[in-house]
Each structure stands twice: as structure tokens, then as C-alpha cells.
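The values are calculated or read from the model by the stated rules, or taken from the named source; none is laboratory data. What you are looking at is a predicted structure, and each value in this text was computed from that prediction instead of being measured. Here Cβ is always computed from backbone atoms with ideal geometry, including for glycine, and neighbour counts include all displayed protein chains. Surface areas here come from the heavy atoms of the whole protein model, side chains and all, with no ligands, DNA or RNA. Shrake-Rupley method; radii C 1.70, N 1.55, O 1.52, S 1.80 Å.
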Amino acid sequence: QVQLVESGGGLVQPGGSLRLSCAATGSIVSHTMGWYRQAPGKQRELVATILSGGSTDYADSVKGRFTISRDNAKNTVFLQMNSLKPEDTAVYYCNAVRWGGVVLSYWGQGTQVTVSS
């Protein structure tokens, strides 16, 4: 069982930066980690993923602006968000997936990011 707690959200002006953290209880070394977001009235969408080996992937809308990283020793995943735009406003969720005979997926409670002047 893995519990995820996000932090680092807040209000930022357009063009600003935020760094989100996702702290896990228990080891995430074998998990694929991801950040998702959900804006009001919209479906939850994938923002970025990082595999256990470190390979990353990003939604086209955030490529070149966001960076996902992980610190397995601290069971923590980060999302560095630069050049923020109003359309990045959403609740950001951390996800952990362990692939195997039984796929296990865990979600955090979310952290609000608001980009506004």
C-alpha cells in the first residue's frame, strides 16, 4: 500500500514558477510515477510520467516548460513548472502505478495550482 501526499501548489502570476512535490509512504522504486491535472469542467489529463528507470514523457502542452523528476531514496517525485500560463490552472494529482500480475494504482488528494494576475 502506498499513500501519496502532494504539496507545493498555490497562486502564481503568469510566467512564474512552482515546484510540486509528491511524498510517498513506502518505496516507489518499482513504480511508474505520474502527474495529472484536472481543470474545472474538464476531464483529468496526463501531464508527465517518469518510469522506474528514469525515462520521462510529457503532454505536448507542457513540453519545454515542465520537468518531472524522482528521488527514490526519499520516496518523492517532483514537478518543476516554469513559464506558467493561465491554462495551467488546475488541481494537480500525483499517481503511482506498480505494473505486474496485478496492477496497483494509487492517487494523492491533489494540490491546487492557480495561474492568474
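Residue under question is Met81, and the condition is that it be over 20 Å from Leu11 (Cα atoms), modelled with pLDDT of 95 or more and crowded, with 16+ Cβ neighbours inside 10 Å; does it hold? Spell out the reasoning first.
Details: over 20 Å from Leu11 (Cα atoms): no; modelled with pLDDT of 95 or more: yes; crowded, with 16+ Cβ neighbours inside 10 Å: yes.
For Met81, the condition - over 20 Å from Leu11 (Cα atoms), modelled with pLDDT of 95 or more and crowded, with 16+ Cβ neighbours inside 10 Å - is not met.
With respect to the conditions (1) at pLDDT below 95; (2) over 23 Å from Ser105 (Cβ atoms), Gly64 falls short on a single one, namely (1). Among the residues of segment 1-17, the one identified as open to solvent by 20 Å² or more (accessible area, probe 1.4 Å), of a type in the set (A, V, I, L, M) and under 12 Å from the mean Cα position of the chain (by Cα) is Val5. The strands (runs of 3 or more DSSP E) found wholly in segment 1-64 and carrying at least 1 residues that are farther than 14 Å from Ala90 by Cα occupy 3-7, 18-25, 32-38, 45-50, 56-58.
Checking segment 6-15 against the condition returns a match, with at least one residue being within 23 Å of Val103 (Cα to Cα) and at pLDDT 95 or above.
Of all residues in segment 59-70, those being open to solvent by less than 60 Å² (accessible area, probe 1.4 Å) and farther than 17 Å from Ser17 by Cα number 2.
Residues in segment 32-49 that are touching a residue at least 24 places away in the same chain (Cβ under 8 Å), open to solvent by 10 Å² or more (accessible area, probe 1.4 Å) and more than 18 Å from Lys85 (Cβ to Cβ): Thr32, Arg44. Applying the criterion of being part of a loop (DSSP other than H, G, I, E, B) and either of a type in the set (Lys, Arg) or under 15 Å from the mean Cα position of the chain (by Cα) (or both) to the residues of segment 85-117, the residue that is surrounded by the most Cβ atoms within 10 Å (Cβ to Cβ) is Gly108.
When Gly26 is tested against (1) open to solvent by 50 Å² or more (accessible area, probe 1.4 Å); (2) at positive phi; (3) not polar (S, T, N, Q), just one condition goes unmet, and that condition is (1).
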